[in-house]
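**Student:** Following this message is one structure expressed as structure tokens.
No lab work stands behind these numbers, since they all come straight from the coordinates. Here the structure is a predicted model, which is why all the values come from computation and not from measurement. Glycine gets a Cβ as well: all are built from the backbone with ideal geometry, and neighbour counts include every protein chain shown.
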Amino acid sequence: MENILVIVGIDFGTTFTGFSYCHVASENKDIVTNEQWPDDVGKFKTNTVLQYDKEFSKVVQWGKPALAKRPKRKNDNKNETKPVELFKLHLDYLTEVGELIRKTLKPSWDDVDLFENVLLVLSVPAEYSEKEKAIMRECAYEAKLIGDKKTEFLQFTTEPEAAAVYCMENCLKEYETTGIGTTFMIVDCGGGTVDLTTRKLIGDKKVGEVIQQLIN
């Protein structure tokens, strides 16, 4: 992992998707959240939507532009099927996100290679099994986000874990509640589910095991 120059975090959600990045050598370790999306500027996330051609083989548009092309009435599509399997949906969307990540990083760090110098951290639901993570790794490989299926340059974190780290580094410091034993609750209101997680601080920048968790 000595070659890592940039860390990219990807939040691949069922409704919205976003990514942030940080150069490890930057003085303040400033994290930049992408706000440049297809036909949509100034928002941290874009819609997790794909528009395919009539053969459902090629992506025509993605994100907000694809959402704008959805049928205006439910019965407009009543005779059409949806033959795109879930793996392909994940693969195609991650391919588009990967291309945008490359375009985003290039102006600032032209010498950064996505396969050799970038650590990707992909957030997944807390209930994801190792099998489901393996499927996501396969999707990331096929989408050319990583050059090797077994690479350490792709790591997973659960959404509650990512939220806990953010709270520890931001919210708890703001209210000066970073003492050992401090408990805090994370309420994750996603596009399809609401998850509640309670955690406890056990040391300097260390979060203990989940005290209680309610999923969906």
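**Student:** Just want the answer: with Cβ charges of +1 for Lys and Arg and -1 for Asp and Glu, which residue in 47, 121, 8 is farthest toward the dipole's positive end in region 6-158?
**Tutor:** 47
**Student:** If you don't mind, another one. Quick one: if you stick a label point 7 Å off each Cα along the C-beta vector at residue 25 and residue 129, how many nm between them?
**Tutor:** Inter-label distance under the simple model: 4.4 nm.
**Student:** Which Rg and Dmax, in Å, describe the Cα atoms of region 161-214?
**Tutor:** Taking only Cα atoms of region 161-214, I get Rg and Dmax of 11.1, 34 Å.
**Student:** Connecting C-alpha atoms closer than 10 Å in a GNM of the chain, tell me which of 93, 128, 21 has the biggest fluctuation.
**Tutor:** Ranking 93, 128, 21 by mean-square fluctuation puts 128 first.
**Student:** Once the Cβ-Cβ distance between residue 174 and residue 43 is put in as r, and R0 is 25 Å, what FRET efficiency do you end up with, to the nearest 0.05?
**Tutor:** Calculated value: 0.55.
**Student:** Any idea what Rg and Dmax come out to for the chain if you just take the C-alpha atoms, in Å?
**Tutor:** 18.9, 60
**Student:** Using Cα pairs closer than 8 Å and at least 6 residues apart in sequence, work out the relative contact order for region 6-158, in percent.
**Tutor:** After rounding, I find 22 percent.
**Student:** Which one, 35, 127, 55, has the greatest fluctuation when you compute a Gaussian network model over the chain with C-alpha springs under 10 angstrom?
**Tutor:** So, out of 35, 127, 55, the one fluctuating most is 55.
**Student:** Between region 157-194 and region 32-66, how many Å separate their Cα centres?
**Tutor:** Here the two parts' Cα centres lie 29 Å apart.
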